[in-house]
Amino acid sequence: MAGTMESTVEIRVPDIGDFADVPVIEILVSAGSVVRAEDPLIALETDKATMEVPSPISGTIVSMSVQVGDTVSKGTVIAIATTAPLVEEAAEPAAAPEEPVPAPTPAAPPAPEPSAPTPAAEIPTPPSSNTLRATPLVRRLARELEVDLVAVAGTGPQERVTKQDLLTHYGRSIAPAGATGTSGIPPIPEIDFSKFGPIRKVPVSRIKKLSGAHLHRSWLNVPHVTHNDEADITELDAFRKELDATAKSEGYRVTLLSFLLKAAAATLRKYPEVNSSLAGDELVLKDYVHLGVAVDTPDGLVVPVVRDVDRKGVLEVSRELGELSARAREGKLTATDMQGATFTISSLGGIGGTAFTPIVNAPEVAILGVVRSAMAPVWNGETFVPRLMLPLCLSYDHRVIDGALAARFTAHLAHLAADVRRLAL
């Protein structure tokens, strides 16, 4: 090792999207720390999203160039490191007695001692203890999921609990019976499926891991009710096709979803309770209309946000929706692109179906699901005529919205969609 060629490099903030002057909220390594490529070095926070900056190399940290409270942008030097390999344990001699994680050491004769009692002995305080290594994002997520981080085995540097560690633990045992919190739901037993035939294991995508925990939390905490209705979109779709024919030559599409966003925005203005969030004993009514749109990507659903929909025309909404959808499928959405929604629309129209129950995207209080429109005979007072009917599925938080309000909301939405001229009023 003494003859190994040593190379000193500057580690800089990589491309973090359209962010600048992002505050550093946690330093995850220090001078002398041995890191591997992709190990997190610092944690940044933008609005309500936390991101980690990974090491691009394997080596040893010589010095940190930033501290908590500093702001960084793309290209900012955050650390100096050497790529020469070192003995990992020698870098932090004081860490071994303080965190005796490698339990099977030669000097540990009594087997019962290092197994179960070790976490309690190391971390006698709640997850805010300085001896517990986890980013603020992981700590916040643990509080929301009601998981005691002390019970989570960390696989990151210096036993650090990563987001994946937390989600894996949460998926295996959700608030066992007798624990404090909202559940007491017994975990699904683990089964060795290979006993019954050949199996293959593939990793769950990062998007599905994160969204899965969020959806589970919403399903457990929000009393869901789904109200179904339908809208006659015969004239609207004819007008949409006229606009789309022109838009194609300009490089974008005018879809039915663009009109639904406009109709939903106008309806939210009429019924502001649906454009709110529940905060304790108060209802937070929002004087802006930002609509989330569920977009299908190869890695799972993501929900970019179209802002101020009530202040934009259908063509402007169509262009913005097309750009966001393209960035979503390319994996180029930023945290800002997916924050601030007051209401969400999930459209399965391009795939099919007759109805479904979308899960409320808490802390929103309602979500609109739409499926494939279909021609149906509709009585006009004298005879049955063919009309293009669009099913509407509104799931809502029954603590905020009752059945009467849900019915009025979807009825007004259908009223606007039935005549495109009403969207201009």
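Just so you know, all these numbers are worked out from the coordinates, no wet-lab data involved. None of the values given here were measured: they were computed from a predicted structure. Virtual Cβ from ideal backbone geometry, glycine too; neighbours counted across all protein chains shown.
For region 340-425, trypsin sites (Lys or Arg not before Pro) are listed when DSSP marks them as loop and at most 15 other Cβ atoms sit within 10 Å of their Cβ; the list is R372, R399. Note that region 186-200 has calculated 3J(HN,Hα) couplings of x, x, 5, x, 7, 10, 8, 5, 5, 5, 9, x, x, 9, 9 Hz, one per residue in order, obtained from phi through the Karplus relation 6.51 cos²θ - 1.76 cosθ + 1.60 (θ = phi - 60°); glycine and proline are x. Excluding same-chain neighbours fewer than eight residues apart, the lysines reachable from K201 by a Cα-Cα span under 25 Å are K163, K209. For K208, the aspartates and glutamates whose Cα falls under 15 Å of its own Cα, not counting residues fewer than eight places away in the same chain, are D165, D296, D299. Fewest-first ordering of I11, I27 by other beta carbons within 10 Å of each residue's beta carbon gives I27, I11. Restricting the calculation to Cα atoms, region 355-425 shows an Rg/Rh of 1.04 when the hydrodynamic-style radius is the Kirkwood one.
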